[in-house]
Amino acid sequence: MRSFGVATSWLAASVAAAALIAVPTAKAQEDFPTKPVEMTILFGGTAQTIGQLLADLMSKELGQPVVPVSRTGGGGAIGYSHVHSTRPDGYNIVWNSNSISSGYHQGNLPFNYEAFEPIARVTVEVPALAVRADSGWESLSDMVEAVKSGETKLKMGASGQGSFTDLTAKALFQELGIEDKVVYVPYGDGKAPVELLAGRVDAAIQWPGQFIPHVQSGDLKMLCVTGSERVEVIDDVPTCAEAGAGDLDITMWRGLAAPEGTPQEVVEKLQEAARKAAESDQLKDASGKLGFEISFMDAQEFGELIAKDDEVIAELLKSGN
Amino acid sequence: MDALLSALPLVADPSVLLAILVGSLIGLIFGSVPGLTYSLALAVVLPMTFQLPTVAAVGMLLGTYIGGMTGGSVAAILIGIPGTPSAAATVLDGYPLARTGRAGLALGTAVLVSTFGGLFSLAVMIVSVDFVSGIAIKFGPAELFALVLFGLSTICGLAEKSLLRGLIAGVIGLLVMTVGLDAIDGVQRMTFGSTAFLQGVDLLVAMVGLFAVPQIMQTLIDWRRGREIRLEAGDVRSEMPKWSELRRNFGVIVRSAALGTGIGAIPGTGGPIAAFLAYDQARRFSKNKEKFGKGELAGVIAPETANNSVTGGSMIPLLSLGIPGDPATAIILGGLLIHGLTPGPLLFMEHKTEVYTIYLSIVVAYVAILAFQYFGIKLFVRVLRVPPHILSVVIGVLCVIGTFAIRNSFFDVYVMMTIGLLGYLLMRARIPVTPIILGLVLGPTLEREFRTALILSDGSYAIFFQSTAALIFFALTILIIAFHFIGQTRARRAAPNAKASIDAG
């Protein structure tokens, strides 16, 4: 039986060779995946944990293991470059984020989002602005008033230049019209919340999950979240737009993409596997605990979103420097 | 007490014990192979814990972390290549001990003091978590800069004979770490426009290159020339440390444990810094300073106690503030979160039982590692009976696999080889390697904290002189440098014709 199978595939291979091997056959796409799919992960921390979990869930759907491989460094540039250089057959995908746009517009990537085929958006994370509970600022407008009338500049903690929280901070203060009275202090490794607790900075923009324990203990207070809608786990915190920051809407998404030219059928299979994973109880359970939201978007919509966000980020990085 | 009693049966569950044992073993293996680290082991183990119940999952992660931290000493002592950055200081005296056939003694001592250090830091954590995290939070960028500068001053002690050569080495280390994307301004530095260079030089990659490549080259050259040094089978003893020896070094052990716990509690520092500082203080206060670097047991005791004390110390900011001190604890944080244990002030109120299961898991992990290592030593030392030229080929292969595996990057393998070749040339030029390592370890933190402090103060240098902690560390730095010069001048007067004085000039 086995030798027969080998013989047929040998025959099939010869036929395929005759019909130009380089072109992936329709048969190969139907069978996808016939070997493990490699998912490149660009960052450590939450990005890595969600990516590993998603890979685990997608393995069950695809019937082939999805292997999360961490290629960190260069603000995502290393991982994007790797996936970009692989064959567009769906066996190499990247757990991507807005970093594709910030990396490109900062000159760290020689190609932009168009070098990738979007598969699906899976999660979103919305940054939050927090201050100390004893700061006396009850709302965003209290803080803005104090900064406008005060002599000293507001010290604002976020992650390093060009990171998502840094971009968010700049967008927020531009919208509020007080950007020249703010000092941006870049911290690595998510240290901004502690620096805020210790009083070395006056405000911080990071992910809600990093603030929640300190809000519950009464040390910190979140003034607003930067998306267009409130965040489920902290629905008493207004959006920055509601709190007076114009129509600010900044959300970080994470999703999957494959190199440009990946066959449509393959993209659809991956998209459906991601959809099932997004609907699973396990991911839902993890979202509450890790502090992200599940927000599935199919390839089409996801592609439009990436293009729209790319313009916003390009604009922000231009005015920020 | 109630929490302890309810936690006990949870951890004593056979499946939980098994999870901790498996984690410890994985950690030990990853820690002992040069190039594979506990950070990598944790990344491999984390997905395995998704399906496990909370207590077993957290136990497995902690076992991996602790096993990796302890296992680093095995390769450091046996083959002179640290299994993890935290074990770099252990090479200094551990390897010479192994070369004289006393590997068993060094390994046995290392595992005993590691366990002591780990349990000591755990005890400190249990009784004073709030107090210590209150102090740790006071360490802002200015204080961290002062602390790291103090760490750099240990170059004086590690520079061997010539301070000038030591400083050259230190600067090379600092320089290498600036390659890549700068973390503060997002600017490319020394990347030559290449994307691959953006990822910069990984600490471990550089370290494997510096320790392993020159050694492999030297071994093969010696073998070609028929000058290979082999240990006779009879010379490799699995001798165990005697209590009297440990008692004699009791002061070193306690000081190193306290130092490691303290450093571990300050986010942004970690095992390597603690190990080097502990080594330096052990040498400084020792009666037989000149024996350090040639196989002094205290030179193994100090770094090994300190780097394991970091495990308990780093749990303090991790559990009480939710702040991971290094990449390894960041992965543990992910594991805690996914199982619904959100670190922070409330963890100790709402999840008291779980917190005690964490404490107990750490104890179980240490007991397991002590047992594994103790019985493993007889096996480990057999490595030394392999002819060095064959062993060095095996090590070479492991180093390539290991450096590739860190970030799945071939660029890292080339970096390892390039830095290794550079290391060999530096060795021939009698530039000591250890200060390079110190520059590599401390460079990124030194620069980041210095710049962040100046951003905070809007460019005013006054920020460095406004806090007591920073002033204390600056004073200590100046003291160490002053003592070094006084000591050198005296030595020069005592022996005007000594070679050392010519070297120093």
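The values are calculated or read from the model by the stated rules, or taken from the named source; none is laboratory data. Model, not experiment: these values are computed from the prediction. Because the Cβ atoms are built from the backbone with ideal geometry, glycine has one as well, and the counts that use them run over all protein chains shown.
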Subject >> Selected residue [more than 23 Å from the chain's Cα centre (by Cα) and touching a residue at least 24 places away in the same chain (Cβ under 8 Å)] from B:THR84, B:THR54, B:THR70, B:THR90 >> reply: B:THR54
Subject >> Set A:GLY136, A:GLY103: member being within 22 Å of A:LEU172 (Cα to Cα), out of contact with any Leu (no Cβ under 9 Å at 6 or more places or on another chain) and not aromatic (Phe, Trp, Tyr) >> reply: A:GLY136
**OP:** Name every residue in segment B:476-495 that is free of Cβ contacts under 8 Å to residues at least 24 places away in the same chain and within 28 Å of B:ILE184 (Cβ to Cβ), in order of residue number.
**Re:** B:ILE478
**OP:** Name the residue, out of B:GLY340, B:GLY376, B:GLY313, that is buried (at least 24 other Cβ atoms within 10 Å of the Cβ) and either within 26 Å of B:LEU78 (Cα to Cα) or of a type outside the set (A, V, I, L, M, F, W, C) (or both).
**Re:** B:GLY313
Original post:
If A:ALA169 passes every condition in (1) surrounded by 24 or more Cβ atoms within 10 Å (Cβ to Cβ); (2) closer than 30 Å to A:MET39 by Cα; (3) modelled with pLDDT under 95; (4) away from chain B (no Cβ under 13 Å) but one, which one does it miss?
Top reply: (2)
Original post:
If the Cβ limit is 7 Å and pairs must be 6+ apart or interchain, which residue in segment A:191-210 that is within 11 Å of chain B (Cβ to nearest Cβ) pairs with which residue that is of a type in the set (Asp, Glu)?
Top reply: A:LEU197/A:ASP219; A:VAL201/A:GLU195
**OP:** Working only within segment A:43-64, note down all residues that are touching a strand residue (DSSP E or B) at 6+ places or on another chain (Cβ under 7 Å) and either without any contact (Cβ under 8 Å) to a residue 24 or more places away in the chain or within 12 Å of another protein chain (Cβ to nearest Cβ) (or both).
**Re:** A:ALA47, A:GLN48, A:ILE50, A:GLY51, A:GLN52, A:LEU54, A:ALA55, A:SER59
Subject >> Counted residues, segment A:224-251 - those being more than 21 Å from the chain's Cα centre (by Cα) and closer than 12 Å to A:PRO127 by Cβ >> reply: 1
Original post:
Do you know which residues across segment B:185-201 are within 8 Å of chain A (Cβ to nearest Cβ) and within 24 Å of B:PRO85 (Cα to Cα)?
Top reply: B:ALA196, B:LEU198, B:GLN199, B:GLY200
Original post:
Here are B:ILE253, B:ILE331: which of them is buried (at least 24 other Cβ atoms within 10 Å of the Cβ), within 14 Å of chain A (Cβ to nearest Cβ) and part of a helix (DSSP H, G or I)?
Top reply: B:ILE331
**OP:** Identify, from the list A:ALA241, A:ALA273, the residue that is of a type in the set (Gly, Ala, Ser), within 27 Å of A:TYR91 (Cβ to Cβ) and not assigned by TED's automatic domain parsing to the domain that holds A:VAL215.
**Re:** A:ALA273
**OP:** Could you grab me the full set of residues in segment A:302-321 that are assigned to a helix (DSSP H, G or I) and either more than 17 Å from the chain's Cα centre (by Cα) or closer than 20 Å to A:GLU61 by Cβ (or both)?
**Re:** A:PHE302, A:GLU315, A:LEU316, A:LEU317, A:LYS318, A:SER319, A:GLY320
Original post:
For segment A:241-261, which residues satisfy the criterion of being modelled with pLDDT under 95 and crowded, with 23+ Cβ neighbours inside 10 Å?
Top reply: A:ALA245, A:ILE250
